[in-house]
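Worksheet: one structure, shown below.
The values are calculated or read from the model by the stated rules, or taken from the named source; none is laboratory data. Keep in mind the model is a prediction, meaning the values are calculated, not measured. Don't worry about glycine lacking a Cβ; one is built from the backbone with ideal geometry, like all the others, and counts go over all protein chains shown.
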Amino acid sequence: MNQDTVNFIFIGLSFALYIVIAVRSRAGSTQEYYTAGGGVSPLANGMATAADWMSAATFISMAGTVAISGYDASRFLMGWTGGFVLLTVLMVPYLRKFGKATVPDFIGDRFYSKLARAVAVVCAIFICMTYIMGQMRGVGVVFSQLFGISVPAGVLIGAAIVFFYAGLGGMKGITYTQVAQYCVMAFSYTLPAIFIAMAMTGNVIPQLGLIGNYTVDGEVVPFLQKLNNINAELGFQEYTAGNLSTINMFCITAALMCGTAGLPHVIVRFFTVKNVHAVRKSACWTLLFIAVIYLTAPAIGAFARVNLIQKLHNTAYSEAPSWFDEFESTGQMAWIDKNGDGKIQYYGPGKSEVGKSSVFLGAKPEYPSDDAEASQKVGINGERLLANKSDDSNPNELWFGNDIMVMANPHMAGLPMWVIGLLMAGCIAAALSTAAGLLLVLSTSISHDLMKKIVKPDLTDREEVNYARGASFVALAVAAYFGINPPSAFIAKTVAFAFGLAASSFFPTLLMGIFSKRVNKAGAISGMLSGITFTISYIVYFQFLGGKTEQLLFGITPEGIGFVGMLINFLVTAIVSAMTAPPPIEVQEMVESIHIPKGSGDASDH
Amino acid sequence: MSTLEVNHPRAHRRACLKIVLSLLAVWFVASFGCGILFRDWLDAHAPQIGTAPFGFWMAQQGSILVFVLLLFVYSYLMSRLDRKHGYSERL
């Protein structure tokens, strides 16, 4: 039995499981479609939220990002988990008490205005779209690896599957499928790490291996020391040293944290539990389940880096391990023999994808067309040739995408086939669960907040669900398009922008809506608009219009600008609210009431 | 439902805010403080965790552990507070 067959078996089994669950818990009413009827247990909801939370970016790219950038990647580790603390103590208990199904619903009622609701809908759609693009890309990467097809074809297959069960099952179906998906993810993520930790450090627990000693071939050195030495030898900076300035690191982490706390698709999860007490309990479980994976990621990243360099650097191409061929053929690794010695050389200080120490000219590898002559496609060592010109200004010969680290890891460590099959199933679970959750929020935003509450108030339940299904189809088509033509090279980066947008729009508005009775509709609307407009323009300018590094505001990169956008939002909201009339008395009473944790009632009685 | 029916919305809200703010202070010190702002100093002066420098370890592992603990503490303290003010809905 070969690897492909094993992969198919594992993925097939996991899919069968998800589909059985989705069909069995199919939504019958709008209430079940949006909030699963409000009766999911805290533990189950915790698992489902964790699955929703851990996107393909987390699962596939994060360990790779850690491997490449060492300390700098801590911004993702702290940002995404720390944001969850904010979300739990500042947002969800109050929003759950308020008891409506969606975030725009709260904003619309709290700021007593259709315009505020409309602005919130637009922000929600924008955030979810940015986020879901990254997910579709992730699905594409996995499927391309799996079937040996191109990434675009992989994206299309993934889109079809997501549509099938997200559109069909609604929130109830999704919640129970996500519970299963979490189990698959957690198991498949930690298992390879345990094997590798044993091989490299003699420690069963990967987290202890990371802070333990490297013990291969009788040599005993502190593991991080070993990694620093390897990096230094090849001209990279030390693994434990950071590249980003402290202010930039601070801003990016803060933007990720606050963005997390404003993510509509995660907030919605907490409307599915019974009462405020259950919300808090559910949040504990969620973070615990998330931590299982987040604490493993840095270990996997560090192990993968040592493995990668030891297996490939200064190895003759003809002797390179077989997985190298596979990644070459799907275009995720590339090698150009610049010095003609037939060996693979990997050098820093760049990260292989950016300007410095790049292998070839251009952002990503291009290949000769299929009808080109064989001599243009295959080099003298048997390697796959690129259409890009080689960049001869530096000696680095190896290119690879961050996204492959997690998937390449078990190959590199020579783990058994079934571990790799399981990992594939986990990757797909991660991407599908998040994409499905996002799709639901997107479709709800359109059918419930836009159609029912703004455009056509006399919509029946059945029509509303149909609109939701139609909207998910359109949203998915757009997401698939951007998954095929991603606006940014890496999954984690695309997703980071979504957090910036959430931080600059929802977080301040929700926070002030909950904790202040004085903030009114004029303040909220102008705040949201100025925050998100500022953030989008900054990102677009530096990401797509070729803004120069010198022009950056205080040296803050587009990833971290959401934090500044958020401050602007706070400021504008406070000033405009102070200058206009306070909100009506019934709204002030409502703010009082959401602080009383009792009597939250059933979810979504709209 | 609790037998205590004396509700004090204002007192409850103040106590709740106090819990939230003190937890957020810990949250800030563990992540931004140890992991980013004072990281270099801590790497050099604080005791190592295993073989890892303290600041680096806080940024990659320690802060996450602190976050999980914080949420359990939050859930516990808030339930106790709700009970005290007669808002408990534990079933």
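Can you tell me which residues in region A:72-90 are surrounded by fewer than 24 Cβ atoms within 10 Å (Cβ to Cβ) and either more than 9 Å from chain B (Cβ to nearest Cβ) or hydroxyl-bearing (S, T, Y) (or both)?
A:D72
Can A:R137 be described as assigned to a helix (DSSP H, G or I), in contact with an Asp or Glu (Cβ under 7 Å, 6 or more places away or on another chain) and not aliphatic (A, V, I, L, M)?
No, not satisfied.
Answer yes if at least one residue in region A:405-415 is touching a Gly at 6+ places or on another chain (Cβ under 8 Å) and not assigned by TED's automatic domain parsing to the domain that holds A:T58, and no otherwise. Quick ask: steps written out before the conclusion?
The first filter runs over region A:405-415 and keeps only residues touching a Gly at 6+ places or on another chain (Cβ under 8 Å), leaving A:405-406.
Now drop any that are not not assigned by TED's automatic domain parsing to the domain that holds A:T58, which leaves A:405-406.
Looking for residues that are touching a Gly at 6+ places or on another chain (Cβ under 8 Å) and not assigned by TED's automatic domain parsing to the domain that holds A:T58, one finds at least one in region A:405-415, hence yes.
Within region A:567-602, restricting attention to residues that are in a loop (DSSP other than H, G, I, E, B) and within 14 Å of chain B (Cβ to nearest Cβ), which residue is modelled with the lowest pLDDT?
Narrowing region A:567-602 to residues in a loop (DSSP other than H, G, I, E, B): A:580-584, A:595-602.
Narrowing further to those that are within 14 Å of chain B (Cβ to nearest Cβ): A:595-602.
Numbers: A:H595: 79, A:I596: 78, A:P597: 74, A:K598: 73, A:G599: 66, A:S600: 65, A:G601: 61, A:D602: 54.
Here the answer is A:D602.
Of the residues A:S113, A:S69, which single one is more than 10 Å from chain B (Cβ to nearest Cβ), closer than 30 Å to A:K456 by Cα and surrounded by fewer than 24 Cβ atoms within 10 Å (Cβ to Cβ)?
On inspection, the qualifying residue turns out to be A:S113.
For region A:189-224, what are the residues that are within 20 Å of A:P416 (Cβ to Cβ), small (G, A, S) and within 14 Å of another protein chain (Cβ to nearest Cβ)?
If the condition is that a residue be within 20 Å of A:P416 (Cβ to Cβ), small (G, A, S) and within 14 Å of another protein chain (Cβ to nearest Cβ), then A:A193, A:A197, A:G202, A:G209 are the ones that fit.
Could you tell me which of the residues A:F187, A:F126 is assigned to a helix (DSSP H, G or I), modelled with pLDDT of 80 or more, aromatic (F, W, Y) and assigned by TED's automatic domain parsing to the domain that holds A:V465? Walk me through how you get there before you give the answer.
Numbers: A:F126 fails: modelled with pLDDT of 80 or more.
That would be A:F187, the only listed residue that is assigned to a helix (DSSP H, G or I), modelled with pLDDT of 80 or more, aromatic (F, W, Y) and assigned by TED's automatic domain parsing to the domain that holds A:V465.
Please find, among B:I36, B:I49, the residue that is touching a Ser or Thr at 6+ places or on another chain (Cβ under 8 Å) and more than 30 Å from A:V591 (Cβ to Cβ).
On the way: B:I49 fails: touching a Ser or Thr at 6+ places or on another chain (Cβ under 8 Å).
Answer to the selection: B:I36.
Where in region A:201-293 are there helices (runs of 4 or more DSSP H), lying fully within it, with 3 or more residues that are over 27 Å from the mean Cα position of the chain (by Cα)? Steps first, answer last, please.
Details: elements: A:206-210, A:223-233, A:246-261, A:264-267.
Output list reads A:223-233.
Would you mind stating whether A:S357 is of a type in the set (G, A, S), modelled with pLDDT under 80 and in a helix (DSSP H, G or I)? Steps first, please.
Numbers: of a type in the set (G, A, S): yes; modelled with pLDDT under 80: yes; in a helix (DSSP H, G or I): no.
For A:S357, the condition - of a type in the set (G, A, S), modelled with pLDDT under 80 and in a helix (DSSP H, G or I) - is not met.
Just for region A:297-314: of the residues that are more than 7 Å from every other protein chain (Cβ to nearest Cβ) and surrounded by 24 or more Cβ atoms within 10 Å (Cβ to Cβ), which one is farthest from B:S63 (Cα to Cα)? Let's see the steps before the verdict.
First, pick out the residues of region A:297-314 that are more than 7 Å from every other protein chain (Cβ to nearest Cβ): A:297, A:299-314.
Filter once more, so that each one left must be surrounded by 24 or more Cβ atoms within 10 Å (Cβ to Cβ): A:297, A:299-304.
Working: A:A297: 14, A:A299: 15, A:I300: 18, A:G301: 18, A:A302: 18, A:F303: 21, A:A304: 23 Å.
Checked region A:297-314; the qualifying residue farthest from B:S63 (Cα to Cα) is A:A304.
What's the number of the only condition in (1) within 8 Å of chain A (Cβ to nearest Cβ); (2) at pLDDT 85 or above that B:V29 fails to meet?
Result: B:V29 fails condition (1) only.
Against the definition (more than 13 Å from the chain's Cα centre (by Cα), at pLDDT 80 or above and within 25 Å of A:V273 (Cα to Cα)), how does B:L81 come out, yes or no?
Values: more than 13 Å from the chain's Cα centre (by Cα): yes; at pLDDT 80 or above: yes; within 25 Å of A:V273 (Cα to Cα): yes.
For B:L81, the condition - more than 13 Å from the chain's Cα centre (by Cα), at pLDDT 80 or above and within 25 Å of A:V273 (Cα to Cα) - is met.
Regarding region A:329-339, can at least one residue be identified that is facing chain B (nearest Cβ under 9 Å), polar (S, T, N, Q) and under 26 Å from the mean Cα position of the chain (by Cα)?
Step one: of region A:329-339, the residues facing chain B (nearest Cβ under 9 Å) are none.
No, because not a single residue in region A:329-339 is facing chain B (nearest Cβ under 9 Å), polar (S, T, N, Q) and under 26 Å from the mean Cα position of the chain (by Cα).
Working only within region B:51-91, note down all residues that are out of contact with any helix residue (DSSP H, G or I) (no Cβ under 6 Å at 6 or more places or on another chain), more than 8 Å from chain A (Cβ to nearest Cβ) and free of Cβ contacts under 8 Å to residues at least 40 places away in the same chain.
Residues satisfying the conditions are B:G62, B:L69, B:Y76, B:R80.
For every residue, the table says whether it meets (1) in contact with a Ser or Thr (Cβ under 7 Å, 6 or more places away or on another chain); (2) in a helix (DSSP H, G or I); (3) at pLDDT below 80.
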{"residue": "A:M407", "(1), (2), (3)": "no, yes, yes"}
{"residue": "A:W418", "(1), (2), (3)": "no, yes, no"}
{"residue": "A:L423", "(1), (2), (3)": "yes, yes, no"}
{"residue": "A:V441", "(1), (2), (3)": "no, yes, yes"}
{"residue": "A:S445", "(1), (2), (3)": "yes, yes, yes"}
{"residue": "A:D449", "(1), (2), (3)": "yes, yes, yes"}
{"residue": "A:K452", "(1), (2), (3)": "no, yes, yes"}
{"residue": "A:L459", "(1), (2), (3)": "no, no, yes"}
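Taking B:S22, is it at the interface with chain A (Cβ under 10 Å from one of its Cβ atoms) and either touching a helix residue (DSSP H, G or I) at 6+ places or on another chain (Cβ under 6 Å) or not hydrophobic (A, V, I, L, M, F, W, C) (or both)? Step through it out loud before you land on a result.
Details: at the interface with chain A (Cβ under 10 Å from one of its Cβ atoms): no; either touching a helix residue (DSSP H, G or I) at 6+ places or on another chain (Cβ under 6 Å) or not hydrophobic (A, V, I, L, M, F, W, C) (or both): yes.
For B:S22, the condition - at the interface with chain A (Cβ under 10 Å from one of its Cβ atoms) and either touching a helix residue (DSSP H, G or I) at 6+ places or on another chain (Cβ under 6 Å) or not hydrophobic (A, V, I, L, M, F, W, C) (or both) - is not met.
Does A:L227 meet the test of being in contact with an Asp or Glu (Cβ under 9 Å, 6 or more places away or on another chain), within 11 Å of another protein chain (Cβ to nearest Cβ) and at negative phi? Walk me through it before giving the result.
Details: in contact with an Asp or Glu (Cβ under 9 Å, 6 or more places away or on another chain): yes; within 11 Å of another protein chain (Cβ to nearest Cβ): yes; at negative phi: yes.
Answer is yes for this residue.
Any residue in region B:35-50 that is facing chain A (nearest Cβ under 10 Å) sitting within a Cβ distance under 8 Å of a residue that is surrounded by fewer than 17 Cβ atoms within 10 Å (Cβ to Cβ) and in a helix (DSSP H, G or I)? List the pairs, counting only those 6 or more apart or interchain.
Here the result reads B:I36/A:T246; B:L37/A:T246; B:G50/A:L208, each pair linking region B:35-50 to a residue that is surrounded by fewer than 17 Cβ atoms within 10 Å (Cβ to Cβ) and in a helix (DSSP H, G or I).
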